[in-house]
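K.L.:
One structure, pasted below without further comment.
The values are calculated or read from the model by the stated rules, or taken from the named source; none is laboratory data. The structure presented is a predicted model; accordingly, all values stated were derived computationally and were not measured. So basically every Cβ, Gly included, is an ideal-geometry build from the backbone, and we count neighbours across all protein chains shown. Accessible surface is based on the protein model in full, side chains and every heavy atom, while ligands, DNA and RNA are left aside. Shrake-Rupley method; radii C 1.70, N 1.55, O 1.52, S 1.80 Å.
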Amino acid sequence: MTYEPLDERDGHVAGIESLTVDGRRYYFGFDHSSDLVVSPLIDDAAAMAEFAAAHLAQTDGRHDAAYWSELVAGAVEESMLTGDRADTELDTGALRAGEMSYHLRYLMGAAVGWTEDLFEDEEVAAALTRLGLDPDDGWETIDRCLGLDGPDAGLVLRRYLAYLAADLPGNWRTILGPLLEEAPTVRDTDR
């Protein structure tokens with residue numbers, strides 16, 4: 001299978017990361033300097049190496065698939081994004097129930113490109129203001145809302161999940177979007 005790069009994310013200097021969804025491993029490119037997901041989720045190690053050879057670079061330039069194969073294999077054992085490999089193992093039942101670790105929330109932000117559209121929604125901005133939070137703080141407000149109760153916090157968190165489900169790029173949307181749509185709200189599994 002051939003994978004297409006995500007819109008406007010071709011050619012980034014990136015490393016390889018991985019996550020598992022109900023035991024199925026997916027690889028993806030991650031630009032650490034921009035905190036940005038730069039590839040679709042790819043469930044085949046050889047296909048990930050081929051994708052990386054065609055669409056990603058390292059700080060010293062482009063490399064062949066054999067070079068990238070080593071990085072793909074390394075992504076199974078360690079992550080540059082989290083020190084705990086358990087953070088990279090997603091259970092769709094937990095995700096449908098709205099349970100999201102900080103790592104997953106961070107990864108979802110990196111996948112959607114940290115756009116501010118959610119915080120420009122007038123109802124979200126008003127709810128954040130009523131909660132004593134500044135909509136201009138953007139993504140940081142999501143973590144703060146997780147510790148709050150009430151209808152305003154609920155509105156922000158429901159809109160956050162809907163925003164992610166609609167704006168995840170490429171096959172991130174097909175793989176994770178439906179799970180986010182089913183979640184009633186979001187809870188922090190790290191607390």
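K.L.:
Please list, ordered by first then second residue, the pairs with beta carbon atoms under 7 Å, 6 or more apart or interchain, first in the range 148-176 and open to solvent by 60 Å² or more (accessible area, probe 1.4 Å), second modelled with pLDDT of 95 or more.
P.N.:
So the pair list comes out as L148/L131; R159/L118; R159/D121; R159/V124; D167/V112.
Each row is one residue, and each column tells you yes or no for (1) hydrophobic (A, V, I, L, M, F, W, C); (2) in contact with a strand residue (DSSP E or B) (Cβ under 6 Å, 6 or more places away or on another chain); (3) within 20 Å of T115 (Cα to Cα).
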residue: M1; (1), (2), (3): yes, no, no
residue: D35; (1), (2), (3): no, no, yes
residue: V38; (1), (2), (3): yes, yes, yes
residue: A66; (1), (2), (3): yes, no, no
residue: R96; (1), (2), (3): no, no, no
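K.L.:
Kindly indicate the residue of the range 1-57 that is on the phi > 0 side of the Ramachandran plot and small (G, A, S) and also surrounded by the most Cβ atoms within 10 Å (Cβ to Cβ) among those meeting that condition.
P.N.:
Ranking the candidates gives G11 first.
K.L.:
Take the residues in the range 58-72 that are in contact with a helix residue (DSSP H, G or I) (Cβ under 9 Å, 6 or more places away or on another chain) and part of a loop (DSSP other than H, G, I, E, B), then tell me which one is least open to solvent (accessible area, probe 1.4 Å).
P.N.:
Among residues in the range 58-72 that are in contact with a helix residue (DSSP H, G or I) (Cβ under 9 Å, 6 or more places away or on another chain) and part of a loop (DSSP other than H, G, I, E, B), the one least open to solvent (accessible area, probe 1.4 Å) is H63.
K.L.:
Identify, please: which residue in the range 79-109 is open to solvent by less than 30 Å² (accessible area, probe 1.4 Å) and assigned to a loop (DSSP other than H, G, I, E, B) and is, among those, farthest from Y26 (Cα to Cα)?
P.N.:
Taking the candidates together, the pick is G98.
K.L.:
For the range 2-22, name all the residues that are among the acidic types (D, E), over 28 Å from A94 (Cβ atoms) and touching a residue at least 24 places away in the same chain (Cβ under 8 Å).
P.N.:
Listed by number, the residues that qualify are E4, D7, D10.
K.L.:
List, please: which pairs have Cβ atoms under 8 Å, are six or more places apart or on different chains, and start with a residue in the range 126-141 that is under 10 Å from A153 (Cα atoms) and end with one that is among the hydroxyl-bearing types (S, T, Y)?
P.N.:
L128/T141
K.L.:
If you don't mind, another one. Just name the residue that is modelled with the highest pLDDT out of those in the range 49-83 that are closer than 21 Å to G23 by Cα and β-branched (V, I, T).
P.N.:
Filtering the range 49-83 for residues that are closer than 21 Å to G23 by Cα and β-branched (V, I, T), the one modelled with the highest pLDDT comes out as V72.
K.L.:
Provide a single number: the residues in the range 23-49 that are more than 26 Å from L95 (Cα to Cα) and within 13 Å of the chain's Cα centre (by Cα).
P.N.:
0
K.L.:
Taking interchain pairs and intrachain pairs at least six residues apart, which have beta carbon atoms under 6 angstrom, with the first residue in the range 69-88 and without any contact (Cβ under 8 Å) to a residue 24 or more places away in the chain and the second open to solvent by less than 50 Å² (accessible area, probe 1.4 Å) and among the hydroxyl-bearing types (S, T, Y)?
P.N.:
That search, which allows pairs on different chains as well, returns D87/S101.
K.L.:
Of all residues being at pLDDT 95 or above and among the β-branched types (V, I, T) in the range 84-133, which is nearest to T20 (Cα to Cα)? Just the residue, please.
P.N.:
V112
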